[in-house]
Amino acid sequence: MSKRDYYEILEVSRTAGDQEIKSSYRKLALKYHPDRNPGDKKAEEKFKEAAEAYAILSDGDKRTRYDRYGHAGVGGAQGFDPSQFTGFEDIFSGLGDIFGFGGARRAGPQRGADLRYDLEIKFEQSARGVETSIQIPRHEACDTCKGIGAAPGTSPSPCPQCRGTGQLRYQQGFFTVARTCGQCRGAGKVIAKPCQACRGAGTIEQMRKLTVKIPAGIATGQRLRLAGEGEAGTLGGPPGDLYVVIFVREHEFFQRDGNDLHCAVPLAFTTLALGGEITVPGIDAEQTVKIPESTQTGTTFRLRGKGMPDVSGRGHGDLLVTVQAMTPKKLTKEQKKLLEQLAATLPEQTVTPSARDEDEDRGIFGKVKDIFG
Ligand SMILES: [Zn+2]
Ligand SMILES: [Zn+2]
């Protein structure tokens, strides 16, 4: 019986890329897998055929030889044994434990888990930067056993169940399936005499005090990464990282918008009318704002570069000061008299209650003028 063309088997063109070949093979392998087709000899044949085709076409050298000389060029594939084919793990990774492949990977050194710490700071601290200390509970490598888990003077011995490989292999159909060893959970080693300090875990939970340097300009929701300050790794794996997530308390006077700061300053309406200089709190020092004569309530003054520092050191935002006219809550007899005198000299429309929206007022008065003027 002549052999079928490998490209035909994998249902791809001769110019197919690696990714296309891989995904096509994966599709076929899943479709014809013996676990899904128990006792189906035809499916098993197709599965074997696809595995053989993939073994050749996924290998650059072999594919070139096959392209040039056909099956003769890759004679080594005669008597191809899928159970020895090593491409499975790669192909099936990401499929989880569907056929046991996912669990077949040997548990080697594992990186420790990342930790998160939520840190609340004052507005002023976010504006100027601060160095503060935090306390975190975390698993650290056990000092007594140096993270190995065996009592001092003893060492772990190879797992008798899997003979130290961490995997149990058994024949299923025509190929070998490997599963993680249950006794040692893939570590390949068992501890006969556990370390007493950590009960064999190799790690101990400890409160650790750490210094955190918070850069000026940091905002709520931003996080700092402290590399290697997370949980200890296992079996000699590296530790995880610690993420400090920042929450900045609200300020009673300033509202932050990007690197700009907003604030509202209530002023006597006479100050707005006559003009003057006012001082407002700033993040570093008090700031002076010049109020010109006849300033309307709601006017915003921009003080360039007097806002928040940029967290990556690129200058400062602006400080935006909005002035609001205040009406006196209580008037003395004399003040009232003075205001009445003032009112008598002012044109009617400037004392309408909606003087705030100038354009609209002018519009209305303008129209009235048009009709009667
Ligand atoms: Zn220990
Ligand atoms: Zn084992």
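Rule-based calculations on the coordinates, nothing more; no lab input. No experiment lies behind these values; they were computed from the predicted model shown. Heads up, the Cβs are rebuilt from the backbone with ideal geometry, glycines too, and the neighbour counts pull from every protein chain shown.
Once the dipole of segment 191-350 is set up with Lys and Arg at +1 and Asp and Glu at -1 on Cβ about the Cα centre, which of GLY217, VAL289, PHE301 lies farthest towards its positive end?
Selected residue: GLY217.
Take the cross-link list LYS290/LYS329; LYS27/LYS48; LYS290/LYS337; LYS3/LYS48; LYS22/LYS46; LYS31/LYS62 and give me the ones stretching past 19 Å between alpha-carbons. Walk me through the numbers before you get to the answer.
On the way: LYS290/LYS329 25 Å; LYS27/LYS48 14 Å; LYS290/LYS337 29 Å; LYS3/LYS48 13 Å; LYS22/LYS46 16 Å; LYS31/LYS62 25 Å.
LYS290/LYS329; LYS290/LYS337; LYS31/LYS62, as the Cα separations exceed 19 Å there.
So how far, in whole Å, is the C-alpha centre of segment 264-283 from the one of segment 241-257?
Going from one Cα centre to the other spans 28 Å.
Is segment 129-276 rounded, prolate or oblate when judged by the Cα gyration tensor, a ≥ b ≥ c being the square roots of its eigenvalues, rounded requiring a/c under 1.5 and prolate requiring a/b larger than b/c?
It is prolate, given that a/c is not under 1.5 and a/b is the larger ratio.
Give me D for segment 228-309 in µm² s⁻¹, whole number, from Stokes-Einstein with Rh from the Kirkwood sum over alpha-carbon pairs, 20 °C and 1.002 mPa s. Spell out each step's value before the answer.
Working: Rh = 16.4 Å.
In µm²/s, the coefficient is 130.
List the lysines whose alpha-carbon lies under 23 Å from that of LYS146, not counting same-chain residues fewer than 8 positions away?
Within reach: LYS189, LYS193, LYS209.
Relative contact order for segment 180-301 using alpha-carbon pairs under 8 Å, separation at least 6, rounded to a whole percent? Could you put the intermediate results ahead of the total?
Working: 119 pairs, mean separation 15.3, N = 122.
With pairs under 8 Å counted, the relative contact order is 13 percent.
Can you classify segment 131-194 as rounded, prolate or oblate using the Cα gyration tensor, where a ≥ b ≥ c are the square roots of its eigenvalues, rounded means a/c under 1.5, and otherwise it's prolate if a/b beats b/c and oblate if not? Kindly include the intermediate steps, with their values, before the conclusion.
Details: a/c = 5.46, a/b = 1.91, b/c = 2.87.
Oblate.
So what are segment 272-345's ellipsoid semi-axes, whole angstrom, largest first, if each one is the square root of 5 times an eigenvalue of the alpha-carbon gyration tensor?
Numbers: eigenvalues 259, 28, 17 Å².
Over the Cα atoms of segment 272-345, the semi-axes work out to 36, 12, 9 Å.
List the trypsin sites (Lys or Arg not before Pro) in segment 267-338 that DSSP assigns to loop (not H, G, I, E or B) and whose Cβ has at most 12 other Cβ atoms within 10 Å. Which are they? It would help to have the intermediate numbers written out before the result.
Numbers: sites: LYS290, ARG302, ARG304, LYS306, ARG314, LYS329, LYS330, LYS333, LYS336, LYS337; in loops: ARG304, LYS306, ARG314, LYS329, LYS330.
The qualifying sites are ARG304, ARG314, LYS329, LYS330.
Which of the GluC sites (Glu not before Pro) found in segment 253-339 are in a DSSP loop and have at most 14 neighbouring Cβ atoms, other than their own, within 10 Å? Spell out each step's value before the answer.
Values: sites: GLU277, GLU286, GLU293, GLU334; in loops: GLU286, GLU293.
Those satisfying the criteria are GLU286, GLU293.
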